[in-house]
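Below is one structure, written out as structure tokens; comments come after it.
The values are calculated or read from the model by the stated rules, or taken from the named source; none is laboratory data. All values derive from a computational prediction rather than experimental measurement. Here Cβ is always computed from backbone atoms with ideal geometry, including for glycine, and neighbour counts include all displayed protein chains. Please note that ligands, DNA and RNA were not included when accessible areas were found on the heavy atoms of the full protein model with its side chains. Shrake-Rupley method; radii C 1.70, N 1.55, O 1.52, S 1.80 Å.
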Amino acid sequence: MGTTDTRGPTPGRSAIVLALRRYGRELLRLRRLALPALLLPAVGNIGTRYVAPLLIAKLAGQAADDNGLTLGSALPYVLGFGLTLLLAEAVWRVGQHCLNRVDALGMEHLYVSGMDELLAKDAAFFHDNFAGSLTKRVLSFGKRFEDFVDTVTYRIVGSLVPLVFGAVVLWSYEPMLVVGLLVMIALTVLAATPLIRRRQRLVNDREAAYARVSGHVADSLMNMETIRAFAAEEREADEHRSRVADSRRLTLRSWDYGNLRVDTLIAPMSVLTNVLGLLVAIAFGGPGRGVEEVVVAFTYYSNATQIMFEFNQIYRRLESSMTEAAQFTELLLDPPTVLDPTHPEPLAPRDTGIRFETVTFAHAGAKPIFQALDLEVPAGARIGLVGRSGGGKTTLTRLLLRMSDIEGGRILIGGQDISGLRQTDLRSLIAYVPQEPAMFHRSLRDNIAFARPGATDKEIHAAAAAAHVTEFVDQLPDGFATLVGERGVKLSGGQRQRVALARAILRDAPILLLDEATSALDSESEILVQDALWRLMEGRTALVVAHRLSTVAGMDRLVVLDRGSVVEQGTHEELLTTNGAYAKLWQHQSGGFLGESTESAPEYPLPGAGAGAGAGAGAGSAGLPEPADPAPDVDRRTSSHARTSTGSG
């Protein structure tokens, strides 16, 4: 488990630019609030940092004058000082009020749009990314908007706009004060830029290490039962400690570089700038303005050098915000591959017949699964898809749902090419039960109603009864209101499968896709649920994938798939009489196991077994005992069910 990782932990330049564009678009969308939110705190800073000190400087200059300072002459400056601070505070409050709404509305919109982007991704995308990592990325994308806007408002606009005001005031005293300040700022930026670029690489390493930690935590939590089953708690804890230590080491490296390299350059430059400002004020100060000019120069240069000193902190804040936001926008650089057509056709199939015409398909980077596949399913027909694992049965159902797009050929429903339909319209025709039923961490009722959110309680309970969910509901602490846990962990495999079947029954769609829909049920429950499924399939087009051939023996037609090709078609009885691939599979299952080949598989000694354990080991060997013969009632039930199903067809 030490190789758990997340894809693309270090975003590239394009992802950062895209994140900036998305955030900028939010500010533009909220411009009526964003403009005062950005500017009013800066205006407040002008009052507190520049206007108020300017009044104090004039007061000091008057005190140093030969006429001295009296209460009457000082009163206007004192009142102006107090009024300036009050107005600055009022402006600040209004700006903060607007900023709060920009942050909240922007985050809300980004949370929603981020989820919309993920919902638009195709199925393959989620196979390549951790759910925990995606959760962190999409939530950080919204949350970091607040950090970005606050940094821009308080640290950048809130400092640069007052600095421009201060430069204008300094210019009125002595132009050389402005020249000296700009020269020192330019020299500081030029000297610090290479160091900051070097630090960016360290930050990328730090973020990559953090992504590895979060990926491992998510992977471990999702597989906690496996960890406990293999007594691997100590091993996983050691792996976690190792990753956290690596993250701590790289985090300290980036922090220390900022403290010991970047800040140790900027700190002396800020001191030198303050000294230069005082020297210029003293050297160029005009007659009668020496004290006032020195106070103004000292105050304004101190404010300016504070910005220089905070330059690294400002950059770190922006860097952290944009790096996390870009980890999400990086996912958007690769657009979804399954898209709705620009001009979709209205949903108007003439019936529910399905046709695969010369379909060619391959997963990315793999060999083709289907090459020029042809298969026709008449409207209202019940078709069983059988064959060895890897033959393409499940893939065929996913292509019909358009989870992936085919590379050649067409898939038609009622004469309409599914690629010309909106995905929501296409899937509204289909009720689907996958191999591994998906459960939400919601109530049992919500999980069933997910198929049709507007369904009444009566309809939900009827679907639950048809799928025999009601048989275990009374055992749950809160009945239908019971939370089933993440991925339905509070339910057994068979119970989850019944819930998925209830969902399909409630969907009441004209096409039914069942992929091993009863594989997790015990024999008694399977018979009951099969009866419900036969009733459900009446009047509907059904494609049923099954490895247990007894569950589909009564279908109108069986299609045998092998390596992506249709090798046989016909009813159960017809295929048995041909003595082909299906008959051999049936014989294997009647014998107790469906093998991958009709040839004898090589036998290997079990780990830790003695030399005598291996092929043909007898009763006294160290290997596992020989498999018992299949119970007679299994074959009788299988044959009986096949006959009953055939009769009902």
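Could we say that ARG410 is modelled with pLDDT of 90 or more and open to solvent by 50 Å² or more (accessible area, probe 1.4 Å) here? In short, yes. A single member of ARG201, ARG197 is exposed (fewer than 15 other Cβ atoms within 10 Å of the Cβ), among the basic types (Lys, Arg), over 28 Å from the mean Cα position of the chain (by Cα) and part of a helix (DSSP H, G or I), and it is ARG197.
Residues satisfying the criterion are present in segment 322-333 (criterion: of a type in the set (Gly, Ala, Ser), part of a helix (DSSP H, G or I), open to solvent by less than 10 Å² (accessible area, probe 1.4 Å) and more than 28 Å from HIS572 (Cβ to Cβ)).
Restricting attention to segment 425-462, and to residues there that are hydroxyl-bearing (Ser, Thr, Tyr) and touching a Leu at 6+ places or on another chain (Cβ under 7 Å), which single residue is surrounded by the most Cβ atoms within 10 Å (Cβ to Cβ)? The extreme case among them is TYR432.
Checked against the criterion of being open to solvent by 70 Å² or more (accessible area, probe 1.4 Å), more than 29 Å from the chain's Cα centre (by Cα) and more than 23 Å from ALA88 (Cα to Cα), segment 151-171 has at least one qualifying residue.
As a summary of the residue check, MET403 satisfies the conditions (1) farther than 18 Å from MET537 by Cα; (2) hydrophobic (A, V, I, L, M, F, W, C); (3) modelled with pLDDT of 90 or more except for the one numbered (3). Any chance you could count how many residues in segment 229-258 are in a loop (DSSP other than H, G, I, E, B) and either under 18 Å from ALA211 (Cβ atoms) or open to solvent by 40 Å² or more (accessible area, probe 1.4 Å) (or both)? Residues in segment 229-258 being in a loop (DSSP other than H, G, I, E, B) and either under 18 Å from ALA211 (Cβ atoms) or open to solvent by 40 Å² or more (accessible area, probe 1.4 Å) (or both): 2 in total. Of all residues in segment 536-562, none that is on the phi > 0 side of the Ramachandran plot has its Cβ atom under 6 Å from the Cβ atom of a residue that is open to solvent by 10 Å² or more (accessible area, probe 1.4 Å) and at pLDDT 90 or above, 6 or more apart or on another chain. Among residues of segment 413-436 being touching an Asp or Glu at 6+ places or on another chain (Cβ under 8 Å) and hydrophobic (A, V, I, L, M, F, W, C), the one that is modelled with the lowest pLDDT is VAL433.
Going by the structure shown, is VAL473 within 23 Å of GLU524 (Cα to Cα) and crowded, with 17+ Cβ neighbours inside 10 Å? Taking the combined requirement at face value, the residue satisfies it.
All conditions in (1) under 16 Å from GLY180 (Cα atoms); (2) touching a Pro at 6+ places or on another chain (Cβ under 8 Å); (3) of a type outside the set (A, V, I, L, M); (4) open to solvent by 10 Å² or more (accessible area, probe 1.4 Å) hold for TYR300, with the sole exception of (4). Of the residues LEU177, LEU118, the single one that is within 26 Å of LEU18 (Cα to Cα) and open to solvent by less than 40 Å² (accessible area, probe 1.4 Å) is LEU118. Consider segment 476-490 and keep the residues that are more than 18 Å from LEU506 (Cβ to Cβ) and of a type in the set (A, V, I, L, M, F, W, C). The one that is least open to solvent (accessible area, probe 1.4 Å) is LEU476.
Going by the structure shown, is PRO268 open to solvent by 30 Å² or more (accessible area, probe 1.4 Å) and either polar (S, T, N, Q) or closer than 30 Å to MET403 by Cβ (or both)? In short, no. Of the strands (runs of 3 or more DSSP E) lying entirely inside segment 363-482, the ones with 1 or more residues being without any contact (Cβ under 8 Å) to a residue 60 or more places away in the chain are found at 370-377, 408-413.
Look at segment 153-164: where a residue is over 12 Å from ILE46 (Cα atoms) and a partner is aliphatic (A, V, I, L, M), sitting 6+ places away or on another chain with Cβ atoms under 7 Å, you get THR153/ALA37; THR153/LEU38; THR153/LEU99; ARG155/ILE314; ILE156/ILE314. Looking only at residues in segment 526-579 that are of a type in the set (Val, Ile, Thr), open to solvent by less than 40 Å² (accessible area, probe 1.4 Å) and in a helix (DSSP H, G or I), which one is modelled with the highest pLDDT? Out of the qualifying residues, it is THR551. Filtering segment 165-187 to residues that are β-branched (Val, Ile, Thr) and in contact (Cβ under 8 Å) with a residue 40 or more places away in the chain leaves VAL169, ILE185. When the criteria are applied in full, ASN312 meets the requirement of being open to solvent by less than 20 Å² (accessible area, probe 1.4 Å), modelled with pLDDT under 90 and either out of contact with any Leu (no Cβ under 8 Å at 6 or more places or on another chain) or farther than 18 Å from ILE411 by Cβ (or both).
Quick grid of which residues meet (1) free of Cβ contacts under 8 Å to residues at least 40 places away in the same chain; (2) under 30 Å from VAL179 (Cβ atoms); (3) in contact with a Phe, Trp or Tyr (Cβ under 9 Å, 6 or more places away or on another chain):
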| position | (1), (2), (3) |
| --- | --- |
| ALA304 | no, yes, no |
| PHE309 | no, yes, no |
| ILE314 | no, yes, no |
| MET322 | no, no, yes |
| GLN327 | no, no, yes |
| LEU332 | no, no, no |
| VAL338 | no, no, no |
| PRO341 | no, no, no |
| PRO344 | no, no, no |
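Of everything in segment 63-106 that is open to solvent by less than 50 Å² (accessible area, probe 1.4 Å) and of a type in the set (S, T, N, Q), the residue that is farthest from the chain's Cα centre (by Cα) is SER73.
Within segment 95-106, one or more residues are in contact with an Asp or Glu (Cβ under 6 Å, 6 or more places away or on another chain) and modelled with pLDDT of 85 or more. Screening ASP515, ASP508 for residues that are open to solvent by 50 Å² or more (accessible area, probe 1.4 Å), at pLDDT 80 or above and either under 22 Å from LEU396 (Cα atoms) or among the aromatic types (Phe, Trp, Tyr) (or both) leaves exactly one candidate, ASP508.
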